[in-house]
Every structure is written in C-alpha cells, then in structure tokens.
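Here's the structure we're looking at; comments come further down.
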Amino acid sequence: MRVFLACLLLALSPVGAWASDYYALTPQQIAPDTYVFIGALEGFDFDNHGAVANSGFIVSEKGVVVVDTGPSRLYGEAMRTAIAEVTDQPVVRVYITHAHADHFLGNNAFEDVPIAALPATEESIRSAGEDMASHLYDLVGAAMRGTAPVVPNETLALDAATSTRIDYGNHRLELIAAAGHSPADLMILDRTTGVLFAGDVVFNNRAPATPHGDIAGWQRALAAAGESGFRIVVPGHGPVAYDTAPLAQTADYLAWLKDRLQQAAARGESAAEVMFEPLSPRWAALAVQPAEYRRSVSYLYPALERATLDPSQD
Ligand SMILES: [Zn+2]
C-alpha cells in the first residue's frame with residue numbers, strides 16, 4: 001500500500017521529478033544568519049541545469065528573506081529544502097534582483113510568499129518571461145520541467161539611484177535601486193552584517209554578461225555599490241568577496257570593453273573581426289570567456305558602429 005501511494009504521489013507530482021535529482025544545494029554561511037548558494041562559473045548547459053547564478057537567504061527572528069530564486073522550479077524547491085534544514089522560520093519575502101532567467105525562474109517554488117522586485121523587473125518578466133523560460137528549456141533541458149515564469153507580486157516603487165530601509169527583526173536592510181546591467185537592478189545591503197547582495201551589478205572572476213547592459217549606468221551602479229559601506233559582497237556570479245576587488249574588476253572590464261569596441265568602430269572593423277580578436281590574458285582568464293566577450297560584441301557593437309557614423313547619437 002505504501003509503495004502504491006508513493007507511486008501515485010510520484011505520478012501526480014506536477015513535475016515528475018525531484019529537485020535533488022538535479023540540484024545539490026548546500027548553503028554556505030558567510031555571516032551571522034546569512035547563507036549563499038554559489039552557482040557554477042559556466043554558461044548554461046545540460047550538466048549544470050542552469051544553476052550558474054548565486055542566490056541566498058537571511059534568517060531573521062521575523063522570518064527568512066530570500067534573494068533570487070535560480071533558474072527553475074526544481075532549483076527553487078531545492079532552495080526551500082535547504083533553507084528548512086537551517087531554520088524552522090518561514091520564508092516571509094523574496095527579493096528578485098533583476099529579470100534574467102537564471103535569477104527568477106525558481107519563483108514557482110515561492111508562490112505562497114510575497115515576491116518583491118523593481119517595476120521594470122516586474123514588467124520585463126510579465127512581457128518576456130515566457131520567452132526567457134523557453135530559451136532556457138532549450139539550453140538546459142529536463143531540469144526546467146514544471147517551470148513557468150511567475151511575475152513578482154509586490155512592486156518596490158523605487159526610482160533608480162534611490163534606496164529604502166526595511167527591518168526584519170534585527171536585520172536592517174537597505175534596498176538600493178540601480179540600473180545598468182539590466183533596466184532595473186536591485187541590490188540589498190544588510191546593514192546589520194555588512195553583506196551586500198549585489199546581483200549582477202557585480203561579477204567576480206567571471207566575464208560580465210552585457211546583453212541588456214548600459215555601460216555608463218552600470219558604472220554608476222558599481223560606484224553606488226562601492227559607496228554603500230558593505231563589508232562582504234555576494235556577486236551575481238562568482239565567489240563571495242571581502243573587499244572591493246570584484247567591483248573594480250567589473251568596472252575595469254566594462255571600461256576596457258567599451259574602449260575596445262569604440263576603437264574598433266572608429267577603425268571601421270566589422271563585428272566579425274572584433275569578435276575574433278584575441279583577449280588580453282587578463283580578461284581571457286575570466287570564466288565563460290571568450291563566449292561572453294563575443295556575445296557582448298554581437299549585442300553592443302551595432303549601436304557603437306551607428307554612434308561612430310553619427311556622433312550626435314551616443
Ligand atoms: Zn546572472
């Protein structure tokens with residue numbers, strides 16, 4: 001009977017698979033009450049099941065605050081299981097840093113919780129979430145089963161470059177609105193521990209992904225992160241750091257990228273020529289290179305070429 005019930009439950013399970021089949025999420029404690037799940041320093045593939053971004057959570061006496069939900073329903077479920085092994089506190093809020101598939105498609109597993117995001121993040125998930133999910137299905141396959149884009153249901157009405165405070169027990173959080181990596185980038189600073197969840201404003205030892213990037217805005221966001229007074233930074237991708245080195249690395253890479261593309265456009269090079277120029281060892285050593293550099297050229301170069309032909313546009 002027990003076996004029969006187990007089989008029945010498996011058959012009725014909406015996804016027909018267990019999160020643990022795909023994701024072994026071990027929370028890494030980085031500060032009091034503060035844990036992260038570190039993603040693979042890779043692009044999306046069938047082996048990493050899309051778990052390439054970092055996510056995390058803070059345990060307060062008023063409940064658990066989650067930052068980003070990963071690439072799939074099963075990843076989100078694996079997060080909840082891992083959180084429940086650390087604390088009995090319920091999850092009381094989820095913050096989504098930005099509308100990229102590797103950061104929010106685990107929302108399915110948090111539909112019983114308020115999911116908060118900046119207005120442009122909400123809008124982007126509403127309008128493009130289906131496309132992002134189906135694109136990720138193509139790249140990572142079965143781990144995505146049962147995943148559908150869940151639009152955040154709580155709007156953080158913050159203009160870019162402003163912030164607001166919210167307390168969870170003795171954890172005093174500052175929500176910092178920025179833009180640059182994407183049209184809306186939320187950073188969360190826990191003033192109690194000094195931990196900054198920087199989302200994809202900050203990359204560490206992994207080439208920054210720029211498809212929706214505005215480099216000038218991104219540099220301003222990095223400056224805001226630097227001025228926030230954090231002690232520990234959780235980048236969107238790459239290891240946690242205890243200094244500002246990943247901010248400097250991201251800023252330097254973006255400045256180098258913009259400069260290289262502008263110079264190539266001024267010389268009249270084609271996108272294909274720029275794309276296959278070798279990278280200096282400094283940048284070639286970052287994870288996901290040269291793939292990420294080539295992706296940056298394909299997204300950013302056409303606009304730079306146009307701006308070079310007509311300097312009145314920038
Ligand atoms: Zn990301």
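When Glu292, Glu273 are checked against the criterion of being within 16 Å of the ligand (Cβ to nearest atom) and either assigned to a helix (DSSP H, G or I) or free of Cβ contacts under 8 Å to residues at least 12 places away in the same chain (or both), a single residue qualifies: Glu292. List pairs: first residue in the stretch 165-186 and more than 23 Å from Phe203 (Cβ to Cβ) and open to solvent by 10 Å² or more (accessible area, probe 1.4 Å), second residue charged (D, E, K, R) and part of a loop (DSSP other than H, G, I, E, B) anywhere in the structure, Cβ distance under 6 angstrom, at least six positions apart or on different chains. Taking only residues 6 or more apart or on different chains, the pairs are Tyr168/Lys62; Gly169/Glu61; Gly169/Lys62; Arg172/Arg191. Looking across the stretch 223-237, the residues that are surrounded by fewer than 24 Cβ atoms within 10 Å (Cβ to Cβ) and within 23 Å of Ser296 (Cβ to Cβ) come down to Ala223, Ala224, Gly226. On the given criteria, is Gly50 in a strand (DSSP E or B) and within 16 Å of the ligand (Cβ to nearest atom)? Considered against the rule, which asks whether it is in a strand (DSSP E or B) and within 16 Å of the ligand (Cβ to nearest atom), Gly50 comes out as no. As a summary of the residue check, Thr250 satisfies the conditions (1) outside any helix (DSSP H, G or I); (2) within 19 Å of the chain's Cα centre (by Cα) except for the one numbered (1). Among the residues of the stretch 138-169, which ones are in contact with an Asp or Glu (Cβ under 7 Å, 6 or more places away or on another chain) and part of a loop (DSSP other than H, G, I, E, B)? Hits for the stretch 138-169 are Pro149, Val150, Val151, Pro152, Gly169.
Every listed requirement among (1) open to solvent by 40 Å² or more (accessible area, probe 1.4 Å); (2) within 16 Å of the ligand (Cβ to nearest atom); (3) of a type outside the set (Gly, Ala, Ser) is met by Asp102 save one, (1).
Considering only residues that are in contact with a helix residue (DSSP H, G or I) (Cβ under 6 Å, 6 or more places away or on another chain) and either open to solvent by 10 Å² or more (accessible area, probe 1.4 Å) or assigned to a strand (DSSP E or B) (or both), look in the stretch 116-137 and name the one that is farthest from the ligand (Cβ to nearest atom). Going through the qualifying residues, I end up with Tyr137.
Taking the stretch 250-267 as the range and being within 16 Å of the ligand (Cβ to nearest atom) and either surrounded by fewer than 22 Cβ atoms within 10 Å (Cβ to Cβ) or more than 17 Å from Met187 (Cα to Cα) (or both) as the test, the residues that pass are Tyr253, Leu254.
Here Leu105 passes the criteria (1) closer than 19 Å to Gly217 by Cβ; (2) assigned to a helix (DSSP H, G or I) except the one numbered (1). Within this structure, Ala109 fails the test of being open to solvent by 10 Å² or more (accessible area, probe 1.4 Å), within 16 Å of the ligand (Cβ to nearest atom) and of a type outside the set (Asp, Glu). Is it the case, given these coordinates, that Glu77 is within 15 Å of the ligand (Cβ to nearest atom) and either open to solvent by 40 Å² or more (accessible area, probe 1.4 Å) or free of Cβ contacts under 8 Å to residues at least 12 places away in the same chain (or both)? For Glu77, the condition - within 15 Å of the ligand (Cβ to nearest atom) and either open to solvent by 40 Å² or more (accessible area, probe 1.4 Å) or free of Cβ contacts under 8 Å to residues at least 12 places away in the same chain (or both) - is not met.
The values are calculated or read from the model by the stated rules, or taken from the named source; none is laboratory data. Since the model is a prediction, treat every value here as computed from it, not as a measurement. Reconstructed Cβ throughout: ideal geometry from the backbone, glycine too, with neighbour counts over all protein chains shown. Protein only, heavy atoms only, side chains kept; ligands, DNA and RNA dropped before computing areas. Shrake-Rupley method; radii C 1.70, N 1.55, O 1.52, S 1.80 Å.
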